[in-house]
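Quick notes on the structure that follows.
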Amino acid sequence: MLENKLENVVSQMRKGSLEFAILLLIQSKKQMYTSEIITELQKIELIVVEGTLYPLLNRLLKEELLSYSWAESTSGPPRKYYQITNLGTQLIQKLIPAWQSYTNSINSLIPKL
Amino acid sequence: MKITKISLAGNIIQIREDAYPMLENYLKQLKAHYQKTDDNAEDIIEDIESRILEFFNEQLANGKEVMTITDVKTIIAKIGTVDAIKDEEPKPLGSKAPRVKRIFRSETDSILFGVAGGLSEYFQIDPVITRILIVFLTLITSGLVLIAYVVLAILLPKKSLVKNSQDQDSIEAYNKNSRKGLIILALICGGIALLQILAFLIPQLFWLQHGNFNIF
């Protein structure tokens, strides 16, 4: 029961911040291809299976927060490289204070030890 | 073991014949899933195909030439089964888990068994209209709708019965069965009733003189 609840709440928190995390990640690296994004997100335990990421990337493309370009790779097929758009940068700038005030609110409720 | 050539994201790859159905089936399931959750399922599948191709090219670099069942399994584990993806996928804001709207017999608006009242609540129409319709349709379908009424009175549960009962499983089983029965019954009655209504309205359609088309 407790384990289930914990899992559920944590997964909801993750879901809520995943898009923000993707935007931040791509911005910090200037451009990334899909497998890189997956590796990074898995490293920080934000996603488990890759299948979750593709719809998100496509949604962000459609909303013009991301753009992509093809680049040849030395091994195998050309890679789709994602970059952040102007709109995406603007959104990040607005999301950062929103995120900080949100985490501050929650932190303020956590009793100090 | 035979080898098939398939096209993946515009490239030809070799795959063992026993591994192909697994891959094909997996892609089909993914597609069906994304078509439900996203407008651009095609693009998503294309990305996934590219990813599979990329993975397979890494294998090629290691001296492998043909994709095997093990490779397909590895890919499925990486990208995730539809269930795993569903578990992790962010729900669109404000969406709730879909709930099946149930038909009950009404307890507040009931003359005989509350069927008319219950149907009216379900379809959100005036119960008076429902009752007039039931009587009218009973007349022109030579009693068939009345039979449907009785069957509904037996099959439809009362709301309080469902809400108060502790035994969820038996309720679910009951609902499942009653719904199955309901669908079959509705199809049969609906079909016959429709024929009879049509016959009543346009007797010529059935080459009958006075609209006395009668199944019984």
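The values are calculated or read from the model by the stated rules, or taken from the named source; none is laboratory data. This is a predicted model, so every value here is computed, not measured. FYI the Cβ positions are ideal-geometry reconstructions off the backbone, even for glycines, and counts take in every protein chain you see. Only protein heavy atoms, including side chains, enter the accessible area calculation; ligands, DNA and RNA are left aside. Shrake-Rupley method; radii C 1.70, N 1.55, O 1.52, S 1.80 Å.
Table for the structure above
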read-out	value
Built amide H within the under 5 Å cut-off of A:Tyr68, gap 5+	A:Gln83
Phi to ³J(HN,Hα) by Karplus 6.51 cos²θ - 1.76 cosθ + 1.60 over segment B:130-136, Hz, x for Gly, Pro	4, 5, 4, 4, 4, 4, 4
Within chain A: Cβ-based charge dipole about Cα centre, in debye rounded to nearest 20 (Lys, Arg +1; Asp, Glu -1)	220 debye
Radius 14 Å from Cβ of A:Ser69, net charge of other residues (Lys, Arg +1; Asp, Glu -1)	+2
Long-range HN-HN contacts of B:Asp18 with modeled amide H, under 5 Å	none
Those residues of segment A:72-93 for which accessible area with every protein chain present is at least 50 Å² below the isolated value (1.4 Å probe)	A:Pro77
Spin-label model distance (nm) - B:Val135 vs B:Asn25, 7 Å beyond Cα toward Cβ	5.8 nm
Theoretical FRET efficiency, 1/(1+(r/R0)^6), r = Cβ-Cβ of A:Ala98 and B:Thr108, R0 41 Å, to 0.05	0.30
Restraint check, B:Lys158/B:Lys180; B:Lys5/B:Lys36; B:Lys31/B:Lys78; A:Lys29/A:Lys80; B:Lys86/B:Lys180; A:Lys62/B:Lys36, Cα-Cα greater than 19 Å	B:Lys5/B:Lys36; B:Lys86/B:Lys180
Cα shape, segment A:2-109, gyration tensor, a/c 1.5 rule	oblate
Using θ = phi - 60° and Karplus 6.51 cos²θ - 1.76 cosθ + 1.60, couplings along segment B:42-53 (whole Hz; Gly, Pro as x)	4, 5, 5, 4, 4, 4, 5, 4, 4, 5, 5, 4
Computed E for B:Ser7/B:Asp39 - FRET, C-beta separation, R0 22 angstrom, nearest 0.05	0.35
Unit charges at the beta carbon, dipole of the protein assembly as shown: most positive-side option, B:Ile15, B:Ile197, A:Ser11	B:Ile197
Rg ratio (alpha-carbon, reference 2.2 N^0.38 Å) - the protein assembly as shown	1.46
Accessible area per residue in Å² at 1.4 Å probe, computed on the protein assembly as shown	64 Å²
Full-extension gain in nm, A:Lys43 to A:Ile106, via 0.36 nm per residue minus C-alpha separation	20.2 nm
Nearest 10 degrees, 0 to 90: helix A:86-109 Cα axis against chain A principal axis	20 degrees
Unit charges at the beta carbon, dipole of chain A: most positive-side option, A:Tyr102, A:Ile38, A:Met1	A:Tyr102
Partner chain coverage, peptide B:38-51 - average Cβ within 10 angstrom	5
Ranked packing of A:97-108, B:33-44, B:17-28, most packed first, by mean Cβ within 10 Å	B:33-44, B:17-28, A:97-108
1.4 Å probe, heavy atoms, protein only - residues of segment B:64-82 losing at least 30 Å² accessible area vs chain alone	B:Lys78, B:Ile79
